[in-house]
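Nothing in this text is a laboratory measurement; each read-out follows from the coordinates by a stated rule. The structure displayed is predicted, hence computed values, not measured ones. Cβ: placed from backbone, ideal geometry, glycine included. Neighbour counts: every protein chain shown.
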Amino acid sequence: MTAPDRATTPALLQIDALLNHLRGRQALEEVCRFLRSSFSHYPWVGVYRVDGTDLVLDAWDGEQATEHTRIPIARGICGQAARENRTVIVDDVRSDPNYLACFLETRAEIVVPIRHEGTVVGEIDIDGNSVRAFDGSDRRFLEAVAAKLGAVVVHAAGERPPA
Ligand code: SME
């Protein structure tokens, strides 16, 4: 299943509305919750923030917490998206040696960089429960969401001391 384009324009408008009245981590948490509740093929949604040579989990929504709350940029699919400054879609995590396992159910993953003033400051990470869960419509939609989150991630970074 994918995020059909006809469903994503209203979703982007709703995200604009959320971002109009929330800031920082609270805004990121609401965006994660909104994405998960709007699209059934997004069962776990997280936002990582770049912190030096690591990615730190700033917000998430899903049934279970992940043990990967801090990931070196050198590792994982999350690290790959940040290093290569591009969206990474993995159709089947079981055949990707870079994959860092979080949940038994996960079969596919999409990671979308969040940029601020041209630099990667974070990323949206979504785990899917079926092989090939994500396609170009998810990429387009999530890249449009990520484009709204650069300043929000930077604001979140200033809300607490480095972990
Ligand atoms: N699977 C990711 C780690 C983060 S969890 O999916 C939440 C990776 O390979 O980088």
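See the values below:
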{"item": "Residue in the range 90-106 that is hydrophobic (A, V, I, L, M, F, W, C), in a strand (DSSP E or B), crowded, with 23+ Cβ neighbours inside 10 Å and touching a helix residue (DSSP H, G or I) at 6+ places or on another chain (Cβ under 8 Å) present", "result": "yes"}
{"item": "Qualifying positions in the range 109-136 - of a type in the set (S, T, N, Q) and part of a loop (DSSP other than H, G, I, E, B)", "result": "129, 130"}
{"item": "Residue in the range 95-110 that is within 22 Å of residue 12 (Cβ to Cβ) and more than 9 Å from the ligand (Cβ to nearest atom) present", "result": "yes"}
{"item": "Counted residues, the range 78-101 - those being in contact with a Phe, Trp or Tyr (Cβ under 9 Å, 6 or more places away or on another chain) and in contact (Cβ under 8 Å) with a residue 40 or more places away in the chain", "result": "4"}
{"item": "Residue count for the range 126-143, restricted to those that are more than 26 Å from residue 64 (Cβ to Cβ) and within 12 Å of the chain's Cα centre (by Cα)", "result": "1"}
{"item": "Single residue of the range 56-89 satisfying the filter (touching a helix residue (DSSP H, G or I) at 6+ places or on another chain (Cβ under 9 Å) and within 8 Å of the ligand (Cβ to nearest atom)) that is farthest from residue 39 (Cα to Cα)", "result": "71"}
{"item": "Residue list for the range 7-52, filter: assigned to a helix (DSSP H, G or I), touching a residue at least 60 places away in the same chain (Cβ under 8 Å), out of contact with any Asp or Glu (no Cβ under 7 Å at 6 or more places or on another chain) and closer than 14 Å to residue 155 by Cβ", "result": "19, 27, 31"}
{"item": "Which numbered condition residue 116 fails, given (1) within 12 Å of the chain's Cα centre (by Cα); (2) away from the ligand (no atom under 16 Å from the Cβ)", "result": "(1)"}
{"item": "Filter pass, residue 123 being closer than 27 Å to residue 157 by Cα and crowded, with 16+ Cβ neighbours inside 10 Å", "result": "yes"}
